[in-house]
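Chemist: I'd like to ask some things about the structure below.
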Amino acid sequence: MSLKTLFIASECAPIAKIGGLADVTGALPKALKPLGVDVSVILPFYKVIKIKKNKLKLVKKNIPVIFNRKKESFNLWKTFLPNTNVPLFLIENKKYFSGKGVYVESDASSGGSEAEAGRFLFLSVAGIEIAKLMNADILHCQDWHTAIIPFIIKKEGHKIKTLLTIHNLGYQGIYPNKLVNKFLGTNFPEKNVNCLKLGILNTDLLNTVSKTYSREILTKKYGEGLKKILLKRKKDLSGILNGIDQDRFNPKTDSSLKANYSFSNLNKKKENKIDLQRILKLPQNQKTPLFSFIGRLTSQKGVDLICKIAPFLVNSSCQLVVLGKGERKYEKNLLKLARKYKKNISVKIKFDSALAQNIYAGSDFFLMPSKFEPCGLGQLISQRYGTIPIGRETGGLSDTIRHGKTGFLFKEYKAEAFLRSIKRALKFYQNEKEWKKLIERAMKKDFSWKKSAKEYIKLYRKLLS
Ligand code: ADP
């Protein structure tokens, strides 16, 4: 079986990255290819993507599609994912992709504006056209941005099979029916059209990015209003854990670091801590316990809990480093804390991949008190860098942190529970032998894509059987 598979997504690292979705679409194909999958990735040609830097070549001009009830067209560009033979195709269309950024909306985006709807509905329609041209067997749709594809494929009666991966059920892509009907020439009678919901109902198979999250979303608490619909598809729903690109995230070779290290020379890790403290203008001291957080500043990520426990960290002579962007209220609260506790807290409101690496390597503890977490990559990267995660027992955090062995977990979404686990972690930190054992176990965990890639292949085969 050839398994000609096209990933179709809004993000792909390193060319267009906002969050974890980009890491997945940038790394999973790389793991699938050597296992015999004929895989390519399709992405919009955003304005931020540069031709020269990415060695893009124009492969086909003026491919026609019907969109917005008229003839439209797009050009197809090609390059390869860096250091791989995985083709990456970019769809060029001045009208729908030339606006700023990856998303039109300011956050990771759950829909809203006409420009956003146009952008991702066009991506979906063009993606199907490419799949037809290339004779693809499978379109592997990622999140709401391309979740309308299974619906269109069924409606138009194409042979292509679909797999929908839900990276975050919190974002669904909900648009007024008028807008969707205009762009797609459909006749949805309901007031709002929910792209993810249509995807869930129409896709051949679906999965989420951890086993625990795939069970959680079948409950009211985590179902984001789609529990009933998901229960209908229960037998076709599975959970496959995300991995990380272990070549890219490797403390032995990471060129962003002051000093490369492995488990056998952990002293070098401390040099990164001193360097991080220097970069962030915090007092430089190897012994000071250093906590960090990297991520989108949204309610999902538990930023309010971090703000609540920050004074405890200050009173216990610890340091806290935060790198992220997101909702204004969280940015403001965090910056206020950093101004108040200059010697203990540093907050950087920006997206900065190199600084992120310095933080993963230079910290002792990595905080992930998420309300929900489909998989989470921060805790995987931090363990790889010997930085001990403290996370809430939910979704992928439950599946990847071994409590008391490679990190710490707490149950209730409450500052008290979070604090208890922080205090426990600090106890370990004070016992050098125990702490080293923890770091060793964390660094030795295999978070590569190998195992998960095989599970995806099983799903692809099931689709074609
Ligand atoms: P998400 O819900 O955003 O997908 P994940 O934990 O799955 O969360 O993945 C987030 C990814 O983005 C991680 O690789 C993290 O290091 C990275 N990241 C998030 N915010 C920033 C930032 N401000 N600067 C650099 N990297 C970031």
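The values are calculated or read from the model by the stated rules, or taken from the named source; none is laboratory data. A quick note: this is a predicted structure, and the numbers were derived from the prediction, not measured. Methodologically, a virtual Cβ is constructed for each residue, glycine included, from the backbone with ideal geometry; neighbour enumeration extends over all protein chains shown. Calculation scope for accessible area: heavy atoms of the full protein, side chains included, ligands and nucleic acids excluded. Shrake-Rupley method; radii C 1.70, N 1.55, O 1.52, S 1.80 Å.
Chemist: If you check Leu323 against the conditions, is it within 24 Å of Thr394 (Cα to Cα), open to solvent by less than 10 Å² (accessible area, probe 1.4 Å) and in a strand (DSSP E or B)?
Modeler: On the way: within 24 Å of Thr394 (Cα to Cα): yes; open to solvent by less than 10 Å² (accessible area, probe 1.4 Å): yes; in a strand (DSSP E or B): yes.
Taking the combined requirement at face value, the residue satisfies it.
Chemist: If you check every pair at least six apart or on different chains, which have Cβ atoms under 7 Å apart with a residue in the range 293-308 that is over 23 Å from Lys17 (Cβ atoms) first and a residue that is of a type in the set (Lys, Arg) and more than 12 Å from the ligand (Cβ to nearest atom) second?
Modeler: Matching pairs, first to second residue: none at all.
Chemist: Suppose the filter is in contact with a helix residue (DSSP H, G or I) (Cβ under 9 Å, 6 or more places away or on another chain), among the polar types (S, T, N, Q) and more than 20 Å from Glu156 (Cβ to Cβ); does Asn187 pass it? First the steps, then the outcome.
Modeler: Details: in contact with a helix residue (DSSP H, G or I) (Cβ under 9 Å, 6 or more places away or on another chain): yes; among the polar types (S, T, N, Q): yes; more than 20 Å from Glu156 (Cβ to Cβ): no.
Spelling it out, it is not the case that Asn187 is in contact with a helix residue (DSSP H, G or I) (Cβ under 9 Å, 6 or more places away or on another chain), among the polar types (S, T, N, Q) and more than 20 Å from Glu156 (Cβ to Cβ).
Chemist: So which residues in the range 363-380 are within 14 Å of the ligand (Cβ to nearest atom), open to solvent by less than 10 Å² (accessible area, probe 1.4 Å) and more than 26 Å from Ala16 (Cβ to Cβ)?
Modeler: Once the filter is applied, which keeps residues that are within 14 Å of the ligand (Cβ to nearest atom), open to solvent by less than 10 Å² (accessible area, probe 1.4 Å) and more than 26 Å from Ala16 (Cβ to Cβ), the range 363-380 yields Ser363, Leu367, Pro369.
Chemist: Sticking with this structure for a sec: Counting only residues that are in contact with a Ser or Thr (Cβ under 6 Å, 6 or more places away or on another chain) and surrounded by fewer than 19 Cβ atoms within 10 Å (Cβ to Cβ), give me the strands (runs of 3 or more DSSP E) lying completely in the range 143-221 with at least 3 of them. Write out each step before concluding.
Modeler: On the way: elements: 161-166, 174-176, 192-194, 205-208.
So the answer is none; nothing clears 3.
Chemist: Give Ser292, Ser262, Ser317 a once-over and let me know the one that is open to solvent by 30 Å² or more (accessible area, probe 1.4 Å), at pLDDT 95 or above and out of contact with any Cys (no Cβ under 8 Å at 6 or more places or on another chain).
Modeler: Numbers: Ser292 fails: open to solvent by 30 Å² or more (accessible area, probe 1.4 Å); Ser262 fails: open to solvent by 30 Å² or more (accessible area, probe 1.4 Å).
None of the others qualify; the one that does is Ser317.
Chemist: Is it fair to say Asn93 is open to solvent by 20 Å² or more (accessible area, probe 1.4 Å) and at pLDDT 95 or above? Steps first, please.
Modeler: On the way: open to solvent by 20 Å² or more (accessible area, probe 1.4 Å): no; at pLDDT 95 or above: yes.
The answer is no for Asn93.
Chemist: Failed condition for Asn85, given (1) in contact with a helix residue (DSSP H, G or I) (Cβ under 8 Å, 6 or more places away or on another chain); (2) without any contact (Cβ under 8 Å) to a residue 40 or more places away in the chain; (3) of a type outside the set (Val, Ile, Thr), with all others met?
Modeler: Result: Asn85 fails condition (2) only.
Chemist: In the range 436-449, which residues are in contact (Cβ under 8 Å) with a residue 24 or more places away in the chain, open to solvent by less than 100 Å² (accessible area, probe 1.4 Å) and under 17 Å from Lys269 (Cβ atoms)?
Modeler: Leu438, Ile439, Glu440, Arg441, Ala442, Met443, Lys445 - these are the residues of the range 436-449 that are in contact (Cβ under 8 Å) with a residue 24 or more places away in the chain, open to solvent by less than 100 Å² (accessible area, probe 1.4 Å) and under 17 Å from Lys269 (Cβ atoms).
Chemist: Hey, among Lys52, Lys17, which residue is open to solvent by 10 Å² or more (accessible area, probe 1.4 Å) and within 16 Å of the ligand (Cβ to nearest atom)?
Modeler: On the way: Lys52 fails: within 16 Å of the ligand (Cβ to nearest atom).
Residue meeting the stated conditions: Lys17.
Chemist: If you go through the range 332-358, how many residues are part of a loop (DSSP other than H, G, I, E, B), open to solvent by less than 70 Å² (accessible area, probe 1.4 Å) and away from the ligand (no atom under 13 Å from the Cβ)? Outline the logic, then answer.
Modeler: Of the range 332-358, the ones part of a loop (DSSP other than H, G, I, E, B) are 341-344, 349-352.
If we keep only those that are open to solvent by less than 70 Å² (accessible area, probe 1.4 Å) too, we end up with 341, 344, 349, 352.
Still in the running and away from the ligand (no atom under 13 Å from the Cβ): 341, 344.
Selection size over the range 332-358: 2.
Chemist: Go through the range 31-88 and tell me which strands (runs of 3 or more DSSP E), entirely inside it, have 1 or more residues that are more than 20 Å from Asp137 (Cα to Cα), small (Gly, Ala, Ser) and assigned by TED's automatic domain parsing to the domain that holds Glu129. Break it down stepwise before answering.
Modeler: Details: elements: 38-44, 57-67, 70-80.
Counting at least 1 such residues, we get 70-80.
Chemist: Identify the residue in the range 426-435 that is touching a helix residue (DSSP H, G or I) at 6+ places or on another chain (Cβ under 9 Å) and not acidic (Asp, Glu) and, among all such residues, is farthest from Ile309 (Cα to Cα).
Modeler: Filtering the range 426-435 for residues that are touching a helix residue (DSSP H, G or I) at 6+ places or on another chain (Cβ under 9 Å) and not acidic (Asp, Glu), the one farthest from Ile309 (Cα to Cα) comes out as Trp435.
Chemist: With respect to Lys287, determine if the residue is in a loop (DSSP other than H, G, I, E, B), out of contact with any Phe, Trp or Tyr (no Cβ under 9 Å at 6 or more places or on another chain) and either open to solvent by 70 Å² or more (accessible area, probe 1.4 Å) or more than 16 Å from the ligand (Cβ to nearest atom) (or both). Step through it out loud before you land on a result.
Modeler: Values: in a loop (DSSP other than H, G, I, E, B): yes; out of contact with any Phe, Trp or Tyr (no Cβ under 9 Å at 6 or more places or on another chain): yes; either open to solvent by 70 Å² or more (accessible area, probe 1.4 Å) or more than 16 Å from the ligand (Cβ to nearest atom) (or both): yes.
Against the criterion (in a loop (DSSP other than H, G, I, E, B), out of contact with any Phe, Trp or Tyr (no Cβ under 9 Å at 6 or more places or on another chain) and either open to solvent by 70 Å² or more (accessible area, probe 1.4 Å) or more than 16 Å from the ligand (Cβ to nearest atom) (or both)), Lys287 qualifies.
Chemist: Then there's this: I'm trying to understand the selection: among the residues of the range 28-47, which are open to solvent by 10 Å² or more (accessible area, probe 1.4 Å) and either touching a residue at least 24 places away in the same chain (Cβ under 8 Å) or basic (Lys, Arg) (or both)? I'd like the intermediate steps shown before the answer.
Modeler: So in the range 28-47, the residues open to solvent by 10 Å² or more (accessible area, probe 1.4 Å) come out as 30-31, 33-36, 38, 45, 47.
Once the filter is applied, which keeps residues that are open to solvent by 10 Å² or more (accessible area, probe 1.4 Å) and either touching a residue at least 24 places away in the same chain (Cβ under 8 Å) or basic (Lys, Arg) (or both), the range 28-47 yields Lys30, Ala31, Lys33, Leu35, Gly36, Asp38, Phe45, Lys47.
Chemist: All but one of (1) open to solvent by less than 50 Å² (accessible area, probe 1.4 Å); (2) in the same structural domain as Ala354 (by TED's automatic domain parsing) hold for Lys270, so report the exception by its number.
Modeler: (1)
Chemist: Take the residues in the range 389-418 that are more than 12 Å from the ligand (Cβ to nearest atom) and within 20 Å of the chain's Cα centre (by Cα); name whichever of them is surrounded by the fewest Cβ atoms within 10 Å (Cβ to Cβ). Quick ask: steps written out before the conclusion?
Modeler: Looking only at the range 389-418, we keep the residues that are more than 12 Å from the ligand (Cβ to nearest atom), and these are 390, 392-394, 398-399, 401-418.
From what is left, the residues that are within 20 Å of the chain's Cα centre (by Cα) are 390, 392-394, 398-399, 401.
Details: Ile390: 25, Arg392: 27, Glu393: 18, Thr394: 27, Ser398: 20, Asp399: 20, Ile401: 27.
For the range 389-418, the residue satisfying everything is Glu393.
Chemist: Open to solvent by less than 80 Å² (accessible area, probe 1.4 Å) and either among the charged types (D, E, K, R) or within 24 Å of the chain's Cα centre (by Cα) (or both): which single residue out of Phe120, Phe74, Phe67 fits that description? It would help to see each step written out before you state the result.
Modeler: Numbers: Phe74 fails: either among the charged types (D, E, K, R) or within 24 Å of the chain's Cα centre (by Cα) (or both); Phe67 fails: either among the charged types (D, E, K, R) or within 24 Å of the chain's Cα centre (by Cα) (or both).
Sole residue among the options that is open to solvent by less than 80 Å² (accessible area, probe 1.4 Å) and either among the charged types (D, E, K, R) or within 24 Å of the chain's Cα centre (by Cα) (or both): Phe120.
Chemist: Still on this model: Given Ser465, Ser421, Ser452, which one is out of contact with any Lys or Arg (no Cβ under 6 Å at 6 or more places or on another chain), loosely packed, with under 14 Cβ neighbours inside 10 Å and of a type in the set (Ser, Thr, Tyr)?
Modeler: Values: Ser421 fails: loosely packed, with under 14 Cβ neighbours inside 10 Å; Ser452 fails: loosely packed, with under 14 Cβ neighbours inside 10 Å.
Answer to the selection: Ser465.
Chemist: Does the range 295-314 hold any residues that are open to solvent by less than 10 Å² (accessible area, probe 1.4 Å), within 16 Å of the ligand (Cβ to nearest atom) and among the small types (Gly, Ala, Ser), and which are they?
Modeler: Gly302
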